[in-house]
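Structure first, then comments.
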Ligand code: SF4
């Protein structure tokens, strides 16, 4: 089993973000910890192989609160003590020598830093709360505390007018010697500040050509530096793949705690009430925090398994395609997929077209039923 803990608080909303968050200047720390542990107490006893604090901004919680949550989960026999990987997502400005030391003592052994860019103009446009200089300072504080497994998030394909230098940002990220990088192309989600800016002509939507160029450039640059893209958006040095996220991509069961958290037991997916206020209200009144659930049909599980497998470098076993899912030969002719070791794998160019490939494969399924 794998455990995800959602911390919904952020100090402000980033310009591109449509996540379920609660914008708070002051985080209701004690109340959050109390209600989270009440939800945890409803779980069966389990040993979790990985634990992941995601958000939102988990690093807005005082580090002692993270220690308390991990300690209490252990004493409830929902134990992360055996977890090989315990990750916290952090904004660079929240990482100090003290917070890094307390996290490390609590069992955190991996930190995913929301760097996004090393250009202060770009960070201000994104409404990020950190300055570029804080990213390096955070990495050094983490290493000083003994946390060496550090991932950096970067966003690419930004509007032209920002004149973002993607090569420089990649170089600056690599100079910090992270073990892992997550690269996400900018997308325009409805009702975000970015969506409104585009509607009134104040900026432009991301350009597809720039997206492809920057994505492929990152593949070349990071591969030359010894990274492997083991998933469409994630690259790691040898031995530093995210075990938690790899569990999602291989269809393993997981449990989510906190508002908007999802859980999956292998056949049924359920998700919690999205809004913090609704979630805390349900716990206070002794009601279930589960908003809804769906049992996946065999067909849905197959299609989802196909999509998840093609996201990864391991690819899809050919046996999973045949005889009902012949793969479209034009993808191989264009160099977008290749067959190696009995598996169908996307090339970087293929990952740019992952949705079309999955559509083609699932269309074949539907027409052959
Ligand atoms: S910090 Fe993350 S979750 Fe919070 S607003 Fe920004 S992108 Fe969204």
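The values are calculated or read from the model by the stated rules, or taken from the named source; none is laboratory data. Only a predicted model underlies this, so the values are computations on that prediction, with no experimental measurement involved. With ideal geometry, Cβ positions are generated from the backbone for all residues, glycine too; neighbour counts draw on all protein chains shown.
Just a few scattered comments:
- Cβ pairs under 6 Å, 6+ apart, first in the stretch 96-119 and within 17 Å of residue 149 (Cβ to Cβ) and touching a residue at least 12 places away in the same chain (Cβ under 8 Å), second within 16 Å of the ligand (Cβ to nearest atom) and assigned to a loop (DSSP other than H, G, I, E, B): 114/91
- If you go through the stretch 81-93 and pick out every residue that is more than 16 Å from the ligand (Cβ to nearest atom) and either free of Cβ contacts under 8 Å to residues at least 12 places away in the same chain or assigned to a strand (DSSP E or B) (or both), you end up with 2.
- Odd one out for residue 32 among (1) more than 16 Å from the ligand (Cβ to nearest atom); (2) surrounded by 18 or more Cβ atoms within 10 Å (Cβ to Cβ); (3) more than 19 Å from the chain's Cα centre (by Cα): (1)
- With respect to the conditions (1) within 16 Å of the chain's Cα centre (by Cα); (2) under 30 Å from residue 205 (Cα atoms); (3) buried (at least 18 other Cβ atoms within 10 Å of the Cβ), residue 5 lacks only one, and its number is (2).
- Residues satisfying the stated conditions in the stretch 311-336, i.e. modelled with pLDDT under 95, in contact with a helix residue (DSSP H, G or I) (Cβ under 9 Å, 6 or more places away or on another chain) and closer than 27 Å to residue 264 by Cβ: 316, 317, 320, 321, 324, 325, 327
- Restricted to the stretch 94-118, and to residues there that are assigned to a helix (DSSP H, G or I) and buried (at least 19 other Cβ atoms within 10 Å of the Cβ), the residue that is nearest to the ligand (Cβ to nearest atom) is 94.
- Selected residue (only one of 52, 4, 16 is within 16 Å of the ligand (Cβ to nearest atom) and out of contact with any strand residue (DSSP E or B) (no Cβ under 7 Å at 6 or more places or on another chain)): 16
- Residue 69 vs. criteria within 19 Å of the chain's Cα centre (by Cα), buried (at least 23 other Cβ atoms within 10 Å of the Cβ), away from the ligand (no atom under 16 Å from the Cβ) and in contact (Cβ under 8 Å) with a residue 24 or more places away in the chain: no
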